[in-house]
Each structure stands twice: as C-alpha cells, then as structure tokens.
1. Among the residues of segment 258-286 satisfying the criterion of being of a type in the set (A, V, I, L, M) and over 28 Å from the mean Cα position of the chain (by Cα), which is surrounded by the most Cβ atoms within 10 Å (Cβ to Cβ)?
2. Report the residue count in segment 298-310 for those that are within 19 Å of A29 (Cβ to Cβ) and more than 18 Å from the chain's Cα centre (by Cα).
3. If you scan segment 165-189, which residues turn out to be farther than 19 Å from Q203 by Cβ and crowded, with 16+ Cβ neighbours inside 10 Å?
4. Looking only at segment 105-158, which residues are β-branched (V, I, T) and either surrounded by fewer than 17 Cβ atoms within 10 Å (Cβ to Cβ) or in a loop (DSSP other than H, G, I, E, B) (or both)?
5. Considering only residues that are in a loop (DSSP other than H, G, I, E, B), among the basic types (K, R) and over 20 Å from I183 (Cβ atoms), which ones fall in segment 48-92?
6. From M101, M152, which residue is within 21 Å of I51 (Cα to Cα) and touching a helix residue (DSSP H, G or I) at 6+ places or on another chain (Cβ under 9 Å)?
7. Taking I255 as the residue in question, decide whether it is in contact with a strand residue (DSSP E or B) (Cβ under 7 Å, 6 or more places away or on another chain) and either modelled with pLDDT under 90 or buried (at least 18 other Cβ atoms within 10 Å of the Cβ) (or both).
8. Return the residues of segment 83-97 that are in contact (Cβ under 8 Å) with a residue 60 or more places away in the chain and surrounded by fewer than 16 Cβ atoms within 10 Å (Cβ to Cβ); say none if nothing qualifies.
Amino acid sequence: MKALILSGGSGTRLRPLTYSQQKQLIPIANKPVLFYAIEDVIEAGADEIGIILGPNKDQVIDSVRSRSWGVPIEFIYQGDPKGLAHTILIAEKFLDDDFVMYLGDNILRDGIVRHEERFRNLKSDASVLLTRVEDPQRFGVADLNPDGSIRMLVEKPKVPPSNYALVGVYFFKPLIIDACKAIKPSWRGELEITDAIQWLIEQGYKVDASFVEGWWKDTGKPEDIFEANRLILDDISTKNEGQINESHVMGRVVIEKGTLIERSVIKGPCVIGACSVISDSYIGPYTSVGDGCRISGTEVEDSIIMDDSTISKAGKVVESLIGRNVRVQKGLTLPKGNRLIVGDNSDISL
C-alpha cells in the first residue's frame with residue numbers, strides 16, 4: 001500500500017501564523033501535525049509515501065527530511081489548490097497501487113491500522129472514514145445504506161441525512177483516478193473528492209464506511225489546535241531529562257534534554273522541549289513549550305509556544321498560540337492576562 005498525504009493549502013483560518021509557515025507544521029505537543037499523519041500511515045503498512053506540497057514547499061521538505069522515516073518519501077507539488085480530487089490527478093504516476101489519502105492537518109487518537117485492515121479484508125473499491133459529530137452541518141456528511149455502505153455524500157447539508165462526518169482519511173484502489181478524471185469542477189472551481197466518490201457509487205463500485213471510535217481533530221482553527229494539544233497531552237507519560245533546581249514539578253510532565261527549570265512550578269500535563277530555560281515562572285496544564293525557549297517571570301497555561309521564543313515578565317499568558325522566534329515582554333499596557341495568536345519573528349511588548 002502507498003500513502004498520499006496532503007500538506008498544501010494556505011491555512012487562512014490560522015493567519016497570521018500561516019503567512020510564515022505551513023499549517024501542517026504547527027506543532028501539537030511539540031510535534032508537527034504532519035508528523036502524526038506520517039506515523040499513522042507507516043504504522044498501517046504504507047511502504048511509500050507521497051506528500052502533496054503547496055505554499056512553503058521547501059519548509060515542508062526540510063522538516064520531513066529532518067527525520068529518518070524508514071520508507072521512501074516523494075514530494076509532489078500541486079501549485080494552486082484545485083481540490084482534493086485534483087491532488088490525486090497530479091499524483092497519478094505515483095498512485096499505481098492501493099493507497100490511503102490522508103489530509104495532513106488531521107489527528108486521530110487511535111491511528112488507522114484497524115481501518116486499513118478492514119479495507120483490505122472487505123476488498124472494497126473505496127473506504128471512507130467517518131465519525132459521529134454534534135454539528136454535521138459544518139462537514140461533508142454520509143447518507144448510509146442499512147448495511148453501512150455509503151449511499152451518498154453531501155457537503156455541508158442544511159438538513160443532514162446523518163450525523164456521520166467525513167474525517168479526511170480515505171482508502172482507494174487506483175480506479176479512483178478514473179473517477180477524478182470523470183468529474184467536473186464544483187461551484188467553487190475545484191475537483192471535489194466527494195464528487196469522485198459519488199461517481200464510484202453511481203458506477204456500481206463498492207464504497208464502504210469505516211467508523212472512527214476514538215477522538216479525531218481537524219486542526220484548521222486555533223481552537224482546534226488547542227483542543228488537539230490538550231488531547232495529546234492527556235496521553236503523555238512523565239519523562240525528565242533536564243535539570244531542576246529549587247522547583248516543584250507535579251503531574252505528568254515531559255522535560256527534554258538540556259532544559260533548565262529553576263525557581264519555578266511546573267504542573268502537568270505539559271511538555272517542555274530541549275535546551276529551554278524556565279525561571280521564576282509557572283507552566284500550567286496543557287502547555288507545550290518548544291526547543292530553545294526562554295520563559296522568565298511569567299505564568300503560562302493552556303498554550304503552545306514554538307521553538308526559540310522568549311517570554312519575559314509577561315504576566316499571565318493563557319490560550320495562546322505563539323510562533324517561532326517570538327519575543328514577548330513586559331510593557332506599560334494593561335490589563336494583565338493576554339490571549340495571543342502570534343506569527344513567527346514577531347516582537348511584542350505587553
């Protein structure tokens with residue numbers, strides 16, 4: 001089996017952060033979202049991976065190549081985003097076998113191994129992962145037959161036929177390429193994967209649904225990123241490879257090598273990356289601090305702070321998403337307690 005992971009798009013809902021970095025590289029619990037997808041497809045047996053690139057393509061390539069994955073990875077440039085089905089067409093030469101298509105800004109708690117096994121055992125022509133949601137009007141929704149197969153897919157219906165939403169993970173046989181060639185652009189000017197799957201259904205091919213039982217998050221908005229960070233941190237185990245001086249560490253906390261904690265309180269679940277310094281500060285639950293960060297005289301809770309950022313005497317920082325190489329420091333402004341979504345290379349006085 002091959003894997004096609006989508007790591008394009010402009011990430012408009014995460015601006016200004018995504019002006020300077022690709023959205024799939026935003027870290028959740030100090031690991032890029034894209035890496036969760038790569039790990040999932042490898043665990044499910046993918047022996048070759050194609051990654052669809054868009055803006056910031058060099059950034060994605062450098063990040064992926066910073067690790068050894070044990071399987072060959074091919075990078076495929078899409079250019080202008082013209083729909084999910086369009087990504088299959090530009091990857092046609094790569095997709096000469098059964099494959100899983102995985103949207104690279106998704107995280108599934110339990111991975112996709114069970115779903116791959118089901119697809120293989122049922123010998124389906126396509127399998128679509130679904131999960132139950134409370135607000136199906138916001139998603140692509142499946143109308144199911146009594147046997148659990150898919151009758152029809154409906155995009156953001158006003159009156160949903162079910163509360164089962166498309167997760168963003170699909171298993172296909174190569175004939176999906178014919179389906180993508182047969183459809184026409186939607187009103188958005190894009191080749192929709194839902195239209196291609198509907199074409200398979202109408203041509204009599206076997207399309208089934210596989211249901212996600214654990215949590216799933218689409219990390220397309222800041223609130224989704226915070227929630228994914230909380231969910232991942234809820235599953236961490238304690239690890240301390242740093243140095244702790246005159247500090248109190250409680251709960252499940254990960255402290256990486258080279259990090260110094262002094263005169264501070266660290267309350268998990270949280271993770272602090274390598275070669276960081278936390279002094280005279282409080283790091284509270286559901287916080288991820290990247291590598292090379294400096295935090296002093298500050299309380300931080302329920303936030304993500306990316307690599308090489310400095311926060312000094314900034315009062316209380318909550319529910320904040322702070323980019324790489326950002327400096328946040330005390331200024332003359334009030335009130336205390338700040339919620340920040342800050343792009344890379346910013347300089348903020350508070």
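The values are calculated or read from the model by the stated rules, or taken from the named source; none is laboratory data. All figures in this text were calculated on a predicted structure; none of them were measured in a lab. Cβ placement follows ideal geometry from the backbone for every residue including glycine, while neighbour counts extend to all protein chains displayed.
1. I261
2. Summing the residues that are within 19 Å of A29 (Cβ to Cβ) and more than 18 Å from the chain's Cα centre (by Cα) in segment 298-310 gives 4.
3. Selection gives A165, L166, V167, G168, V169.
4. I112, V113, V133 - these are the residues of segment 105-158 that are β-branched (V, I, T) and either surrounded by fewer than 17 Cβ atoms within 10 Å (Cβ to Cβ) or in a loop (DSSP other than H, G, I, E, B) (or both).
5. Within segment 48-92, just R67 meets the criteria.
6. M101
7. Yes; evaluated as a whole, the condition is true for this residue.
8. E92, D96, D97
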